[in-house]
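The structure under discussion appears below in the form of structure tokens.
The values are calculated or read from the model by the stated rules, or taken from the named source; none is laboratory data. Note that the structure is a prediction, hence the values are computed from the model and not measured. Glycine also receives a Cβ, built like all others from the backbone with ideal geometry; neighbour counts cover every protein chain displayed. For accessibility, only protein heavy atoms count, side chains too; no ligands or nucleic acids. Shrake-Rupley method; radii C 1.70, N 1.55, O 1.52, S 1.80 Å.
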There are 2 protein chains.
Amino acid sequence: MIKTPYLLFLGDAPDQLAAKVGQGIKDWRPDNAVGQFRMEGCKADLGLTDMSLLDAKAAGAKTLVIGVANRGGVVSGAWKKVLVTALEEGFDLASGLHGLLTDEPDLVAVAAACGRDLHDVRVPSVQYPIASGVRRRGKRCLAVGTDCSVGKMYTALAMDHEMQARGMNVTFRPTGQTGILITGDGVPLDAVVADFMAGSVEWLTPENTDDHWDLIEGQGSLFHASYSGVTMALIHGGQPDALILCHEPTRTHMRGLPDYTPPSLEALRDMVLPIARFVNPAAKVVGISINTQHMSDGDARAYIAATESRMGLPTTDPFRYGSAKLVDALAAI
Amino acid sequence: MIKTPYLLFLGDAPDQLAAKVGQGIKDWRPDNAVGQFRMEGCKADLGLTDMSLLDAKAAGAKTLVIGVANRGGVVSGAWKKVLVTALEEGFDLASGLHGLLTDEPDLVAVAAACGRDLHDVRVPSVQYPIASGVRRRGKRCLAVGTDCSVGKMYTALAMDHEMQARGMNVTFRPTGQTGILITGDGVPLDAVVADFMAGSVEWLTPENTDDHWDLIEGQGSLFHASYSGVTMALIHGGQPDALILCHEPTRTHMRGLPDYTPPSLEALRDMVLPIARFVNPAAKVVGISINTQHMSDGDARAYIAATESRMGLPTTDPFRYGSAKLVDALAAI
């Protein structure tokens, strides 16, 4: 287990989206984050107290969590001085990057010399099975997006929060580094070998009681050329009963793909349903989650109302306006 | 490079399909296969001469190629005595299984003691990029199937054979162990980490001249719960201009999934086209490949004619009746 609380390392994040790991921890486990550490030129800000390593240590932080992701997910050479010093000051390190802390000889050597731990939460710790496709009891909900980074994890976490408050039988099932860092458990899906992707999702969401809901963290998008295969495996491994469509209306091009415009919610609905129904004929789209973080309150409410009317489905921004509508839709299944 | 010719090891294959690696080598590089080695209870037969290790050695074989795959792809303990003896008799070993020869301490130790090589062609030898989705010059053709193991690789290899004969500018691009063992090059796609799947396909099929065709080996099926994510990555990474639909009409359930009936060719067409067109608006289905290996000549011809009429697309069994129709369709693009 990773020792809490954390100091969230934002490094030289080029923009706010790059710090979504740190943002997720801060938003969903605020007690676990004593502060943030930002380097010269950092363009992200979580609104936490900026702390030096010594300040954070004095405030009780046990682990420096890398709360920033760069394209390709490598441990940047520019971060090394801070990471090495953190180990020497008595912090463990935790990371969800593709590039592993444990593949960096300097970090391994210093950690060993100082008696500190390196946690790579993206390394699968389980030999996952090949997916069987067999139907299993219990209900599952999956958020799918018109693009990457549109709020799929936040949607599931907001629904989890609401369902827990209502006393429903629910488990949030993380499939990415942030979710795993938040809950301490899950499948690091984008680091799983291709043949075992769907099987890892079956493993994560096993048979359960009829009243139980798994809220599966979504990944990628069926329309995202880089990651669509991961999304496909989530749908076929998760066999969702309920799908939530996620969209970020101000996105002018898909994340990391300047040549691509995100598809419409209608296009997403029409693509995902036949895929989901092949493994679960009862699959249906039950609601829509709009990420309105870049819109005014008036614009956001108007967009949500227009989308709800156009699509004929309960629509909200679950982070901004609560997830009650989406949970009502699940409860009605 | 793997030394040729080979002795094809079929082990205790439970059925003929399990020996498809050996079958592929025998069919497409017959000069490379001096014979087959079958154990007690083997249910596969490639029609090659059954040879002992000593017979094969005398016939000039240099490498024992594991031509059989079991579910999960492990190096079976039941094979070990033969594999160890082969090393001692002077053979190298080559395998495309998920379970690695180089992870078996006994094989590693004996190979070292005897000065032999262990080749695991399923281990990615390249750090593939994240897919960029950028359009690139040159043309690409991808075979997609209603199920796994319906003839996608054979379709591409038959077309490659015909296109070479016509003097067309073409490259077969293997994405699986058999193809890699046949050509000595390619991407072991089902062993690639999820995030890099589509990028590995972009890497395999780079920009080329306008008249050049890549024939990309297909994998899995968009409808196969275990492997659909791999197929998705092939489509989005490969950006095919031309799609060939592959089908095996006698299949009563999907490979390894007793609860699932293969979809219709119409369902495959309707699912694959919007997926392919999101990354390549010019993508079209140009033909249909029917695997008629379990049908009489009369039944096969009747099925092909009926399919061609119903679907309005050139249809053939490229292995049994030649791939000229499919190549004509490509040449017309």
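I'm trying to understand the selection: among the residues of the stretch B:209-260, which are more than 20 Å from B:LEU189 (Cβ to Cβ), touching a strand residue (DSSP E or B) at 6+ places or on another chain (Cβ under 7 Å) and of a type in the set (S, T, N, Q)? Of everything in the stretch B:209-260, nothing turns out to be more than 20 Å from B:LEU189 (Cβ to Cβ), touching a strand residue (DSSP E or B) at 6+ places or on another chain (Cβ under 7 Å) and of a type in the set (S, T, N, Q).
In a residue-by-residue description of the stretch B:161-183, the property of being in contact with a strand residue (DSSP E or B) (Cβ under 9 Å, 6 or more places away or on another chain) and within 30 Å of A:GLY96 (Cα to Cα) applies to at least one position.
Is one or more of the residues making up the stretch B:285-306 under 30 Å from A:LEU257 (Cβ atoms) and either modelled with pLDDT under 95 or part of a helix (DSSP H, G or I) (or both)? No; the residues of the stretch B:285-306 include none that is under 30 Å from A:LEU257 (Cβ atoms) and either modelled with pLDDT under 95 or part of a helix (DSSP H, G or I) (or both). In the set (1) polar (S, T, N, Q); (2) under 16 Å from the mean Cα position of the chain (by Cα); (3) over 22 Å from B:PRO274 (Cα atoms); (4) open to solvent by 20 Å² or more (accessible area, probe 1.4 Å), A:SER289 fails one condition alone, (4). Does the stretch B:245-267 contain any residue that is surrounded by fewer than 24 Cβ atoms within 10 Å (Cβ to Cβ) and touching a Cys at 6+ places or on another chain (Cβ under 6 Å)? Looking for residues that are surrounded by fewer than 24 Cβ atoms within 10 Å (Cβ to Cβ) and touching a Cys at 6+ places or on another chain (Cβ under 6 Å), one finds at least one in the stretch B:245-267, hence yes. The C-beta contact set for the stretch A:88-114 (first residue under 18 Å from A:ILE180 (Cα atoms), second residue among the polar types (S, T, N, Q), distance under 6 angstrom, 6+ apart or interchain) comprises A:ASP92/A:THR63; A:ALA94/A:THR63; A:GLY96/A:GLN177; A:LEU101/A:SER95. In the set (1) at negative phi; (2) away from chain A (no Cβ under 14 Å); (3) out of contact with any Leu (no Cβ under 9 Å at 6 or more places or on another chain); (4) not aliphatic (A, V, I, L, M), B:GLU89 fails one condition alone, (3). Per the conditions (1) buried (at least 24 other Cβ atoms within 10 Å of the Cβ); (2) not in a loop (DSSP other than H, G, I, E, B), the sole criterion not satisfied by A:VAL187 is (2). Considering only the stretch A:204-216, I want to know if a residue exists there that is in a helix (DSSP H, G or I) and touching a residue at least 12 places away in the same chain (Cβ under 8 Å). Yes; the residues of the stretch A:204-216 include at least one that is in a helix (DSSP H, G or I) and touching a residue at least 12 places away in the same chain (Cβ under 8 Å). Within the stretch B:268-283, does at least one residue satisfy the condition of being under 28 Å from B:ASP195 (Cα atoms), assigned to a loop (DSSP other than H, G, I, E, B) and within 11 Å of another protein chain (Cβ to nearest Cβ)? Checked against the condition, which is being under 28 Å from B:ASP195 (Cα atoms), assigned to a loop (DSSP other than H, G, I, E, B) and within 11 Å of another protein chain (Cβ to nearest Cβ), the stretch B:268-283 yields at least one hit. Look at the stretch A:223-251: where a residue is more than 15 Å from A:THR175 (Cβ to Cβ) and a partner is among the basic types (Lys, Arg), sitting 6+ places away or on another chain with Cβ atoms under 6 Å, you get A:ASP241/A:LYS139; A:ASP241/A:ARG140.
A:ASP210 - would you say it is among the charged types (D, E, K, R), under 30 Å from A:ALA332 (Cα atoms) and either open to solvent by 10 Å² or more (accessible area, probe 1.4 Å) or over 18 Å from the mean Cα position of the chain (by Cα) (or both)? Taking the combined requirement at face value, the residue satisfies it. For the stretch A:105-119, the criterion of being in contact with a Gly (Cβ under 8 Å, 6 or more places away or on another chain), open to solvent by 20 Å² or more (accessible area, probe 1.4 Å) and part of a loop (DSSP other than H, G, I, E, B) is met by at least one residue. Can you work out which of the residues in the stretch A:131-145 that are surrounded by fewer than 24 Cβ atoms within 10 Å (Cβ to Cβ) and assigned to a loop (DSSP other than H, G, I, E, B) is farthest from the other protein chains (Cβ to nearest Cβ)? This residue is A:GLY138.
Rundown of residues vs (1) of a type in the set (Asp, Glu); (2) more than 25 Å from A:MET159 (Cα to Cα); (3) outside any loop (DSSP other than H, G, I, E, B), yes/no style:
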{"site": "A:PHE9", "(1), (2), (3)": "no, yes, yes"}
{"site": "A:PRO14", "(1), (2), (3)": "no, yes, no"}
{"site": "A:LYS20", "(1), (2), (3)": "no, no, yes"}
{"site": "A:ASP27", "(1), (2), (3)": "yes, no, yes"}
{"site": "A:GLU40", "(1), (2), (3)": "yes, yes, no"}
{"site": "A:LYS43", "(1), (2), (3)": "no, yes, no"}
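Apart from one condition, A:TYR128 fits all of (1) surrounded by fewer than 16 Cβ atoms within 10 Å (Cβ to Cβ); (2) within 14 Å of chain B (Cβ to nearest Cβ); (3) hydroxyl-bearing (Ser, Thr, Tyr); the exception is (1). Candidates are the residues of the stretch A:225-236 that are in a helix (DSSP H, G or I) and within 7 Å of chain B (Cβ to nearest Cβ); the one that is nearest to A:LEU330 (Cα to Cα) is A:HIS236.
Within the stretch B:146-174, take every residue that is open to solvent by 40 Å² or more (accessible area, probe 1.4 Å) and among the hydrophobic types (A, V, I, L, M, F, W, C) and give me the one that is farthest from the other protein chains (Cβ to nearest Cβ). So that I can check it myself, show each step before the final result.
The first filter runs over the stretch B:146-174 and keeps only residues open to solvent by 40 Å² or more (accessible area, probe 1.4 Å), leaving B:154, B:161-162, B:164-169, B:171, B:173.
With the extra rule that they be among the hydrophobic types (A, V, I, L, M, F, W, C), the set shrinks to B:165, B:168.
Values: B:ALA165: 34, B:MET168: 28 Å.
It comes out as B:ALA165.
Would it be correct to say that B:ARG310 is of a type in the set (Lys, Arg), over 19 Å from B:ILE216 (Cα atoms) and either in a helix (DSSP H, G or I) or in contact with a Lys or Arg (Cβ under 6 Å, 6 or more places away or on another chain) (or both)? Spelling it out, B:ARG310 is indeed of a type in the set (Lys, Arg), over 19 Å from B:ILE216 (Cα atoms) and either in a helix (DSSP H, G or I) or in contact with a Lys or Arg (Cβ under 6 Å, 6 or more places away or on another chain) (or both). The one condition from (1) more than 14 Å from chain A (Cβ to nearest Cβ); (2) open to solvent by 20 Å² or more (accessible area, probe 1.4 Å); (3) within 10 Å of the chain's Cα centre (by Cα); (4) not small (Gly, Ala, Ser) that B:GLN177 does not meet is (1).
Is it the case, given these coordinates, that B:VAL192 is within 14 Å of chain A (Cβ to nearest Cβ) and open to solvent by less than 20 Å² (accessible area, probe 1.4 Å)? Please lay out each step first, then the result.
Numbers: within 14 Å of chain A (Cβ to nearest Cβ): yes; open to solvent by less than 20 Å² (accessible area, probe 1.4 Å): yes.
Criteria met by B:VAL192.
Name the residue, out of A:PRO263, A:PRO314, A:PRO318, that is of a type outside the set (A, V, I, L, M) and within 14 Å of another protein chain (Cβ to nearest Cβ). Spell out how you get there, then give the answer.
Values: A:PRO314 fails: within 14 Å of another protein chain (Cβ to nearest Cβ); A:PRO318 fails: within 14 Å of another protein chain (Cβ to nearest Cβ).
Of A:PRO263, A:PRO314, A:PRO318, the one residue that is of a type outside the set (A, V, I, L, M) and within 14 Å of another protein chain (Cβ to nearest Cβ) is A:PRO263.
Scanning the stretch A:92-104 for residues that are assigned to a helix (DSSP H, G or I) and within 14 Å of another protein chain (Cβ to nearest Cβ) yields a total of 1.
Against the list (1) out of contact with any helix residue (DSSP H, G or I) (no Cβ under 6 Å at 6 or more places or on another chain); (2) surrounded by 15 or more Cβ atoms within 10 Å (Cβ to Cβ); (3) part of a loop (DSSP other than H, G, I, E, B); (4) away from chain A (no Cβ under 14 Å), the condition B:GLY73 fails is (4).
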